[in-house]
């Protein structure tokens with residue numbers, strides 16, 4: 001197993017969560033429907049943190065993530081959400097053990 005994982009942590013500007021969720025949900029749904037090499041794209045809301053969204057994404061390879069970032073739907077999301085985000089942190093991982101398998 002050598003899948004490529006990223007966790008993206010968005011700290012949003014106050015009051016931006018609802019608008020951001022619409023944008024990220026569309027991006028996630030389109031990614032799941034249209035992209036090869038993408039295994040997971042989860043949108044998480046940490047309990048008690050209304051101005052924070054975390055993404056958990058698994059790809060077959062780094063090249064598949066690069067292909068995702070090059071899509072028009074990602075570029076549209078990135079541009080439309082830029083003014084809603086106070087801080088964005090991206091951390092890359094190698095998936096080395098999947099529990100239960």
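Taking each residue of segment 34-53 that is at positive phi and without any contact (Cβ under 8 Å) to a residue 60 or more places away in the chain and looking for partners that are outside any loop (DSSP other than H, G, I, E, B) and surrounded by 12 or more Cβ atoms within 10 Å (Cβ to Cβ) with beta-carbon atoms closer than 6 Å, six or more apart or interchain, yields 37/59; 37/64.
Matching residues to (1) surrounded by 14 or more Cβ atoms within 10 Å (Cβ to Cβ); (2) touching a strand residue (DSSP E or B) at 6+ places or on another chain (Cβ under 7 Å); (3) in contact (Cβ under 8 Å) with a residue 12 or more places away in the chain:
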position: 10; (1), (2), (3): yes, yes, yes
position: 82; (1), (2), (3): no, no, no
position: 90; (1), (2), (3): no, yes, yes
position: 93; (1), (2), (3): no, yes, yes
position: 99; (1), (2), (3): no, no, no
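Answer yes or no: is there a residue in segment 59-67 that is closer than 27 Å to residue 16 by Cβ, in a helix (DSSP H, G or I), touching a residue at least 12 places away in the same chain (Cβ under 8 Å) and in contact with a helix residue (DSSP H, G or I) (Cβ under 7 Å, 6 or more places away or on another chain). No, there is no match, as no residue in segment 59-67 is closer than 27 Å to residue 16 by Cβ, in a helix (DSSP H, G or I), touching a residue at least 12 places away in the same chain (Cβ under 8 Å) and in contact with a helix residue (DSSP H, G or I) (Cβ under 7 Å, 6 or more places away or on another chain). Would it be correct to say that residue 42 is within 15 Å of the chain's Cα centre (by Cα) and surrounded by fewer than 13 Cβ atoms within 10 Å (Cβ to Cβ)? When the stated conditions are applied, residue 42 passes them.
Going by the conditions given, is residue 47 modelled with pLDDT of 95 or more and not in a helix (DSSP H, G or I)? Spelling it out, residue 47 is indeed modelled with pLDDT of 95 or more and not in a helix (DSSP H, G or I). It is to be established whether one or more residues within segment 63-79 are surrounded by fewer than 15 Cβ atoms within 10 Å (Cβ to Cβ), more than 11 Å from the chain's Cα centre (by Cα) and closer than 12 Å to residue 12 by Cα. Checked against the condition, which is being surrounded by fewer than 15 Cβ atoms within 10 Å (Cβ to Cβ), more than 11 Å from the chain's Cα centre (by Cα) and closer than 12 Å to residue 12 by Cα, segment 63-79 yields no hits at all.
Just give me the residues in segment 14-39 being in contact with a strand residue (DSSP E or B) (Cβ under 6 Å, 6 or more places away or on another chain) and surrounded by 14 or more Cβ atoms within 10 Å (Cβ to Cβ), in sequence order.
20, 24, 28, 31, 37, 38, 39
When segment 1-44 is filtered for residues that are assigned to a strand (DSSP E or B) and under 15 Å from residue 87 (Cβ atoms), the ones remaining, listed by number, are 7, 8, 9, 10, 11, 12.
The values are calculated or read from the model by the stated rules, or taken from the named source; none is laboratory data. Every value quoted in this text rests on a predicted model; they were computed, and no experiment measured them. Here the Cβ is made from the backbone with ideal geometry for all residues, glycine too, and neighbour counts use every protein chain on show.
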